[in-house]
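Report on the following structure.
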Amino acid sequence: MLAAPVTVPYVRYSIRAAHWWLARAFDSLLKKSNLSKDEIDGLTVSSFTLAPDTAIGLTQHLGLSPRWLDHVPLGGASAVVALRRAARAVQAGDADIVACIGGDTNHVDSFRLTLANFSQFARDAVYPYGAGGPNASFAFLTAHYMRVHGARREDFGKLCVAQRANALKFPSALFKKPLTMEQYLAARPIAEPLHLFDCVMPCAGAEGFLVLSEKRAQALRLPFARLKATIERHNAFPSDPVQMRAGWALDRDDLYGQAGVEPKAIDFVETYDDYPVISLMQLEDLGFCSKGDGPAFVRKHSFTCEGSFPLNTSGGQLSVGQAGAAGGFLGMVEAIRQLTGEAGERQVKGAKFGLVSGFGMINYDRGLGSGAAILAAPKA
Amino acid sequence: MQRPKRKNPVLRTRLPTLPPAARSRVALGLTAAAALGRFELQQCRDCGTVQYPPREACQKCLSVVLDWKAQPTEGELLAQTVLHHSNDLFFRERLPWRLGLVKLACGPTVVSHLHEEIKNPPMKVRIRAMLDRAGQAVIAALPDKENCDMADDRQLREFTCDPKHRKVLVTDGKTALGQALIKELVSAKTEIVWVGYAEPWKKFAGFDELEKIPQVTLMPLDVTDSKNVRELAAEIAGKVDIVVNNAEVHRSFGIGNRQGVETARAEMDVNYFGLLRLAQEFGPAMRSRGADGSSSAVAWVNLLSIYALANFPPHGTFSASKAAAHSLAQCLRAEMRPAGVRVVNVFPGPIDDEWNQLLPPPKVAPAALAEAIVGALREGIEDVYPGDVAQEWLARWRDNPKALERELSA
């Protein structure tokens with residue numbers, strides 16, 4: 001079971017270290033669950049800016065003595081993977097309650113340094129080419145997708161505009177102003193065909209949730225969401241010359257099979273949305289429409305919390321901000337809120353099944369890690 | 001490209017910055033090939049798979065025997081982008097910047113800089129590895145045709161050292177090579193060629209022809225005279241974009257065939273100390289102008305010799321002086337790199353001149369050598385081995401330096 005969804009409100013820049021943000025996330029989990037430090041006996045940590053420390057250093061920093069520990073440095077795939085690891089640990093009895101936390105700080109110059117040393121392949125074969133960072137990599141994927149599948153800027157814009165409407169109902173979102181299609185289209189170019197509102201804003205923040213047994217959650221009187229199915233896959237389709245699909249396309253039948261539901265039973269979806277083209281790729285690969293039908297699918301739905309096909313109901317990273325590794329947690333934490341009835345005015349009415357997708361690590365020319373989880377309301 | 005306007009001296013001179021220079025050791029294989037103007041990628045010796053980005057192990061069969069091998073340059077542009085934002089100072093000052101994603105015929109997909117004629121994927125392209133301003137290899141996609149112009153390409157001009165619209169100092173105009181170089185530079189649209197000549201009280205063969213070329217200005221220059229070098233630098237170092245140091249003394253024989261050290265000292269004084277004097281006086285000014293507009297200071301060319309790699313005993317003291325100069329040129333290269341000024345080392349085989357009278361052909365004709373030097377500037381090549389002899393010696397030296405030493409002493 002998943003419980004106690006917490007968000008440490010994001011800021012654009014922070015003078016604090018990643019440890020501060022992760023400490024805030026852990027403390028929020030304790031407050032939300034009324035647990036003491038010692039009762040949480042498992043921990044997973046995801047962070048880019050925690051270096052030179054890893055999860056184990058954080059245990060001493062925060063005075064924790066977990067009997068189960070994992071460091072999950074998988075970027076946007078971290079939350080799904082952390083959930084999978086934690087659920088197995090709880091199932092096997094290696095831990096009773098696992099705290100899954102992800103977060104990063106963002107100093108004024110830290111994003112550039114993260115990019116320059118993101119991976120050996122990036123340092124050798126991407127960063128020297130204009131140092132555009134992920135903007136340039138996703139510009140290629142977006143340009144290629146537009147050419148092959150006939151997507152228009154308006155299609156991506158529709159997702160961005162809808163997500164902004166959702167974000168206006170999420171107090172922790174960094175973006176507080178409405179976004180219109182006209183503003184979206186008129187924004188300055190960043191890495192053509194990407195313009196300003198296609199790109200996530202790096203920021204500081206943290207997210208967290210607990211994984212524990214149903215019995216334990218009930219004993220603690222914690223509202224919880226049920227884990228129905230998960231998949232993960234890394235470096236899928238390595239011989240595709242340019243990325244148009246990722247691991248979901250390999251594993252989605254397994255995902256829906258585990259959950260015993262069809263895509264049409266899903267009430268809301270939280271995609272990994274550092275750039276809108278990746279949301280379209282996920283919707284296709286996860287079976288909500290066929291490959292290449294993303295643009296037509298977008299034209300058919302509204303994607304708002306109260307409309308058809310609610311997507312990224314807290315605004316997604318595009319409207320909340322990308323707090324490093326917390327970016328992968330944003331959708332997971334929001335899905336728990338939706339399924340435990342804590343989403344306030346963003347609540348998707350009667351939400352029983354939610355799908356959370358993760359996508360991480362542009363090591364060279366594509367995102368390597370993909371994962372997804374289907375969560376359900378306790379009575380679903 | 002239009003000839004750049006005269007600079008307003010009141011405005012700031014743009015300071016040199018470099019594109020991101022960090023590379024893993026294994027990735028420097030691309031740089032080693034690009035320095036010679038070659039395009040090589042790692043290829044697995046066991047299964048033949050071509051690798052990119054550079055790896056420590058084959059992505060297919062996990063073999064760790066990956067050889068750098070010449071690869072076909074055909075590719076297809078799959079996607080392009082125009083950066084309007086960069087996290088790096090060098091690119092930030094040069095935006096917008098166009099990039100492409102290219103699927104190579106030999107397998108991998110590469111990120112590349114784009115020539116301005118490359119537009120609208122899908123499109124056939126030809127790729128090459130080039131040294132960028134940081135001296136590290138990058139891949140560029142060019143139109144699929146011969147003789148592609150990089151001199152006028154806004155992006156690729158940043159990576160080459162094309163003499164077009166630039167001001168060049170040739171340190172010795174008296175030799176056949178010097179005069180061939182001047183002609184070659186003038187036809188490459190060099191704006192000014194300052195030509196040094198020692199012993200200005202003597203008129204040398206070809207002087208009158210040089211004087212008639214409008215781009216040429218003859219300047220007394222004796223590289224063995226520190227004061228003379230300093231005075232010339234005071235006059236023109238702040239304007240020179242390319243130095244071609246072709247001044248050399250070449251006498252035959254090794255150790256046993258000559259008494260005393262005077263001849264060897266004369267060789268060292270020109271071939272080694274001459275370079276040192278020039279570098280001390282011209283280097284700092286050029287370093288400060290490494291990003292001074294589209295016709296910034298870009299290159300320093302040293303005329304070395306293939307004998308710099310391995311001593312050729314019949315020309316033993318000359319070989320030693322060129323080996324010393326080679327070593328110093330590596331130091332100069334390290335000191336000029338932060339400013340983006342490329343040090344181009346030229347290692348010709350025997351030149352077809354009077355000092356190689358006793359050597360059998362093939363020998364490099366001065367005009368061919370001049371063409372190779374200007375070609376290297378245009379193409380952005382760092383180490384040039386012109387002529388069949390140089391190419392053959394290089395291959396032998398790379399294969400087994402000890403074997404070459406024995407062969408040369410036979």
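No lab work stands behind these numbers, since they all come straight from the coordinates. The model shown is predicted, which means the values in this text are computed figures rather than measured ones. Here Cβ is always computed from backbone atoms with ideal geometry, including for glycine, and neighbour counts include all displayed protein chains.
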Practice problem: Please identify, among A:Gln258, A:Gln163, A:Gln317, the residue showing maximal mean-square fluctuation in a Gaussian network model of chain A using a 10 angstrom Cα cutoff. | Solution: A:Gln258
Practice problem: Give me B:Arg6, B:Arg230 ranked fewest to most by other Cβ atoms within 10 Å of their Cβ, as a rough exposure proxy. | Solution: B:Arg6, B:Arg230
Practice problem: Express in whole angstrom the spacing between the alpha-carbon centres of segment A:320-337 and segment A:1-64. | Solution: 14
Practice problem: Count, for each residue of A:182-194, the Cβ atoms from other chains sitting within 10 Å of its Cβ, then give me the mean as a whole number. | Solution: 3
Exercise. List the lysines whose Cα lies under 22 Å from the Cα of B:Lys363, skipping any in the same chain that are fewer than 8 positions away.
Key: B:Lys174, B:Lys183, B:Lys322
Exercise. Find how many whole Å separate the alpha carbon centroid of segment A:237-299 from the alpha carbon centroid of segment B:251-270.
Key: 76
Self-check item: Only Lys, Arg (+1) and Asp, Glu (-1) charged, at Cβ; segment B:28-158 dipole about Cα centre in debye
Solution: 180
Quiz item: With a sphere of radius 12 Å drawn around the Cβ of B:Val344, what net charge do the other residues whose Cβ falls strictly inside it have (Lys, Arg +1; Asp, Glu -1)?
Solution: 0
Self-check item: Ranked by how many other beta carbons lie within 10 Å on average, peptides B:215-225, A:367-377 from highest
Solution: A:367-377, B:215-225
Self-check item: Extreme residue, positive dipole direction of segment A:262-380, given options A:Pro276, A:Ile266, A:Val298 (C-beta unit charges)
Solution: A:Ile266
Quiz item: According to the square roots a ≥ b ≥ c of the eigenvalues of the Cα gyration tensor, what is the shape class of segment A:76-144, taking rounded for a/c under 1.5, prolate for a/b larger than b/c otherwise, and oblate for the remainder?
Solution: prolate
Self-check item: Computed over segment A:257-380: relative contact order in percent, which uses C-alpha pairs under 8 Å that are six or more apart
Solution: 27
Quiz item: When you count, for each residue, the other Cβ atoms within 10 Å and take the mean per peptide, how do A:351-359, A:221-229 rank with the highest first?
Solution: A:351-359, A:221-229
Quiz item: Which value, in nm² and rounded to one decimal, describes the direction-averaged projected area of the C-alpha convex hull of segment B:55-184?
Solution: 11.4
Self-check item: chain A: translational diffusion in µm²/s, Stokes-Einstein, Kirkwood Rh over Cα pairs, 37 °C, 0.692 mPa s
Solution: 161
Quiz item: What ranking do B:356-362, A:340-346 get when scored by the average of other Cβ atoms within 10 Å per residue, highest first?
Solution: A:340-346, B:356-362
Quiz prompt | Net charge dipole size for chain B [Lys, Arg +1 and Asp, Glu -1 on Cβ; Debye, nearest 20] | solution = 1200
Exercise. Could you list the GluC sites (Glu not before Pro) in segment B:1-94 that lie in coil according to DSSP, counting only those with at most 15 other Cβ atoms within 10 Å of their Cβ?
Key: B:Glu56, B:Glu93
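Work out the mean other chain Cβ neighbour count within 10 Å for the residues of A:114-127 and drop it here as an integer.
Neighbouring Cβ atoms belonging to other protein chains average 5 per residue here.
Determine the dipole magnitude for segment B:255-410: charges of +1 sit on the beta-carbon of Lys and Arg, -1 on that of Asp and Glu, nothing else is charged, the reference point is the Cα centre, and the result goes in debye to the nearest 20.
Roughly 420 debye for segment B:255-410.
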Quiz item: Taking the alpha-carbon centroid of each part, what is the distance from segment A:114-157 to segment A:170-202 in angstrom?
Solution: 17
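May I ask you to sort A:Trp21, B:Trp355 by Cβ crowding, counting other Cβ atoms within 10 Å and putting the fewest first?
B:Trp355, A:Trp21
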Quiz item: Relative to the longest principal axis of chain B, what angle (0 to 90°, nearest 10) does the C-alpha long axis of helix B:262-271 take?
Solution: 40
Exercise. Kindly express, to the nearest 10 degrees and within the range 0 to 90, the angle between helix B:366-379's C-alpha long axis and the longest C-alpha principal axis of chain B.
Key: 40
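Please tell me which of these pairs span more than 28 angstrom C-alpha to C-alpha: A:Lys32/A:Lys176; A:Lys300/B:Lys124; B:Lys5/B:Lys212; A:Lys176/A:Lys291?
Exceeds cut-off: A:Lys300/B:Lys124; A:Lys176/A:Lys291.
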Quiz prompt | Other-chain or far-sequence residues with amide H under 5 Å of B:Met123's (modelled H) | solution = B:Leu77
Quiz item: Regarding the protein assembly as shown, what is the average projected area of its C-alpha convex hull, in nm²?
Solution: 38.3
Quiz item: How would you classify chain B from its alpha-carbon gyration tensor, with a ≥ b ≥ c the square roots of the eigenvalues: rounded for a/c under 1.5, else prolate if a/b is greater than b/c, otherwise oblate?
Solution: oblate
Practice problem: Could you work out the mean count of beta carbons from other protein chains within 10 Å of each residue's beta carbon in A:141-147? | Solution: 4
Quiz item: For segment B:269-410, rounded, prolate or oblate, judged on the Cα gyration tensor with a ≥ b ≥ c (square roots of eigenvalues), a/c < 1.5 rounded, else prolate if a/b > b/c?
Solution: prolate
Quiz item: Got a sec? Charge dipole of segment B:28-158, +1 on Cβ for Lys and Arg, -1 for Asp and Glu; which of B:Phe90, B:Leu62, B:Leu78 is way out at the positive end?
Solution: B:Leu62
Self-check item: Which of B:Tyr52, B:Ala325, B:Tyr272, positive extreme of dipole for chain B (C-beta unit charges)
Solution: B:Tyr52
